[in-house]
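Report on the following structure.
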Amino acid sequence: MPLESADDGFLWDMWDAATAVAQMVAGMTLQEYRGDRRTWRAVEREVEIIGEAARSISDQFKKPHPHIPWSKIIAQRHKLAHAYAEIQDDIIWTVATVHIPELIAQLEPLVAQPPTDDQ
């Protein structure tokens, strides 16, 4: 099914970035994460994308979905983008290993399927 609204596209971006984070940290420990700059930078970037997409979703869509912590997601993006000196890797690790799987489960029923190459 083609994406029908801007909200659908932003939801897809959130889900896509969240699943990327889950894949990146799968099987890692916090110590391994801390020692792998490429992974932690990539995770931070994907979390930023999630927050930017969440910020772009309409209030009309957000209101009937209060179970998704929109303001916390957006605040985390803001911190990563503008207060990078305050980033704590253990907090991002918790986001990646606890909150991201929860977010994926919350988004899956809401995400439209992406368009295929033949559409």
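The values are calculated or read from the model by the stated rules, or taken from the named source; none is laboratory data. Everything numeric in this text was worked out from a predicted model, so none of it was measured. Virtual Cβ from ideal backbone geometry, glycine too; neighbours counted across all protein chains shown.
Residues in region 4-57 that are in a loop (DSSP other than H, G, I, E, B) and among the small types (Gly, Ala, Ser): SER5, ALA26, GLY27, GLY35. Looking only at residues of region 89-119 that are part of a loop (DSSP other than H, G, I, E, B) and over 17 Å from PRO64 (Cβ atoms), we find that the one that is modelled with the lowest pLDDT is GLN119.
Of everything in region 8-50 that is surrounded by fewer than 17 Cβ atoms within 10 Å (Cβ to Cβ) and among the polar types (S, T, N, Q), the residue that is nearest to the chain's Cα centre (by Cα) is GLN23.
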